[in-house]
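Asks: Before I ask anything, let me first share the structure, which is written out below as structure tokens.
The values are calculated or read from the model by the stated rules, or taken from the named source; none is laboratory data. What you see is a predicted model, and the numbers here were worked out from it, not measured in a lab. Cβ sites come from the backbone with ideal geometry, for glycine too, and all protein chains shown count toward neighbours. Surface areas here come from the heavy atoms of the whole protein model, side chains and all, with no ligands, DNA or RNA. Shrake-Rupley method; radii C 1.70, N 1.55, O 1.52, S 1.80 Å.
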Amino acid sequence: DMRDMVMQLVLNGTLNQPAIQQLRQQHAMPSASTVRRWINQEQQLGHHRAYRRNGNVTASVLRGHDLILLALYRVVHPKAQHAEINAFLYRCNYGNPSFRFYSHSQISRA
């Protein structure tokens, strides 16, 4: 992975060598600002993995307690279908008048 290789170069202190700079000019290595962003992420979060690509849009429907239940259900039943997940969420929210069933796209996006 490119991130791992670049972070190893940062740890070794060899990121500013002429060969690396030449690769950067050829756009074969990430820019200095990208590397700084990865270093900041490593310091703040303890990892430099890529963030989830969500188009800068947070989930607006399936949130909170139902989202946690969905995550737990997916761990136990990774191949569960949309109807099974809705049935599970309904059983967990039994008696809640504000419960609503979720569409297939809302479940798969969460």
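Asks: For the stretch 73-103, which residues satisfy the criterion of being outside any loop (DSSP other than H, G, I, E, B) and not aliphatic (A, V, I, L, M)? Reasoning before the result, please.
Replies: We begin by selecting, within the stretch 73-103, every residue outside any loop (DSSP other than H, G, I, E, B); these are 73-76, 82-92.
Selection gives Tyr73, Arg74, His82, Glu84, Asn86, Phe88, Tyr90, Arg91, Cys92.
Asks: Looking at (1) more than 30 Å from Asp1 (Cα to Cα); (2) in contact with a helix residue (DSSP H, G or I) (Cβ under 9 Å, 6 or more places away or on another chain), find the lone condition where Ser98 falls short.
Replies: (2)
Asks: Kindly establish whether Tyr94 is among the hydroxyl-bearing types (Ser, Thr, Tyr) and surrounded by 12 or more Cβ atoms within 10 Å (Cβ to Cβ).
Replies: The answer is no for Tyr94.
Asks: Could you check how many residues of the stretch 12-29 are assigned to a helix (DSSP H, G or I) and either exposed (fewer than 10 other Cβ atoms within 10 Å of the Cβ) or touching a residue at least 60 places away in the same chain (Cβ under 8 Å) (or both)?
Replies: 4
Asks: Are there any pairs with C-beta distances below 9 angstrom linking a residue in the stretch 73-88 that is open to solvent by 40 Å² or more (accessible area, probe 1.4 Å) to a residue that is part of a helix (DSSP H, G or I) and of a type in the set (Ser, Thr, Tyr), with the two at least 6 apart or on different chains, and if so which?
Replies: His82/Ser108; Glu84/Tyr73; Phe88/Tyr73
Asks: Restricting to the stretch 30-67, and then to whatever is in a loop (DSSP other than H, G, I, E, B), touching a residue at least 24 places away in the same chain (Cβ under 8 Å) and within 14 Å of Val6 (Cα to Cα), can you tell me which residue is most open to solvent (accessible area, probe 1.4 Å)?
Replies: Only one residue tops the list, namely Arg49.
Asks: Would it be correct to say that Leu70 is touching a helix residue (DSSP H, G or I) at 6+ places or on another chain (Cβ under 8 Å), of a type in the set (A, V, I, L, M, F, W, C) and in a loop (DSSP other than H, G, I, E, B)? I'd like the intermediate steps shown before the answer.
Replies: Details: touching a helix residue (DSSP H, G or I) at 6+ places or on another chain (Cβ under 8 Å): yes; of a type in the set (A, V, I, L, M, F, W, C): yes; in a loop (DSSP other than H, G, I, E, B): no.
For Leu70, the condition - touching a helix residue (DSSP H, G or I) at 6+ places or on another chain (Cβ under 8 Å), of a type in the set (A, V, I, L, M, F, W, C) and in a loop (DSSP other than H, G, I, E, B) - is not met.
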